[in-house]
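Just below is one structure, and these are the notes that go with it.
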Amino acid sequence: MKDKRQLIGKWGEQKAKEFLLKKGYTLIAENWRFRYGELDLIMLDQDQETVVFVEVRTKTSSSYGAGYDSLNHRKLQKLRITAKAFLHSNKWWNRPVRFDLISIDQENEGFKLRHLKNII
């Protein structure tokens, strides 16, 4: 059985994917792995041209800040390297690229989803 953090993370990724699909994004891949890291969601923006790498952060406690506070320089560097590998291995290198963050944070009885574009 997966631990609680993994289950919450998968739940958050599913909510983020549903949110973006409703906004007109198209799913290219999810949980794409490379030796340097993993890309949570890879989408085409509503324009159907821009490849969007989406990092999803789900937090059930504000003790250490919101989900968007948990991205550091090292994680952003891993995202860049992994995204570059994806683009080259899947022949998407000729497209515009963007890095977004979806932060899902527990607030009172529910969760608040924030979509931050162009985080890098």
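Where a number appears in this text, it was derived from the coordinates with a stated rule and is not lab data. This is a predicted model, so every value here is computed, not measured. Every residue, glycine among them, receives a Cβ derived from its backbone with ideal geometry; neighbour counts consider all protein chains shown.
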Residue range of the chain that is longest and free of GluC sites (Glu not before Pro) which are both DSSP loop and sparsely packed (at most 15 other C-beta within 10 Å): 50-108
For His115, His73, His88, order by how many other beta-carbon atoms lie within 10 Å, fewest first: His73, His88, His115
Whole-number percent relative contact order across the chain, with pairs defined as alpha carbons under 8 Å at least 6 apart: 23 percent
Exposure proxy order (Cβ contacts within 10 Å, fewest to most) of Leu87, Leu41, Leu27: Leu27, Leu87, Leu41
Distance between the stretch 69-96 and the stretch 1-47 - C-alpha centres, whole angstrom: 14 Å
Net lengthening on full extension, Arg33/Asn90 (0.36 nm per residue, minus Cα-Cα): 19.2 nm
Angle in degrees between helix 4-22 and the longest Cα principal axis of the chain, rounded to the nearest 10: 60 degrees
Where labels lie 7 Å past Cα in the beta-carbon direction, separation of Lys112 and Thr26 in nm: 3.4 nm
Gain upon complete extension [Asn72, Arg5; 0.36 nm per residue less C-alpha separation]: 22.2 nm
The stretch 1-36: trypsin sites (Lys or Arg not before Pro) in DSSP loop, at most 16 other beta carbons within 10 Å: Lys2, Lys23, Arg35
Label point distance in nm, Gln46-Glu18, each placed 7 Å from Cα along Cα→Cβ: 2.1 nm
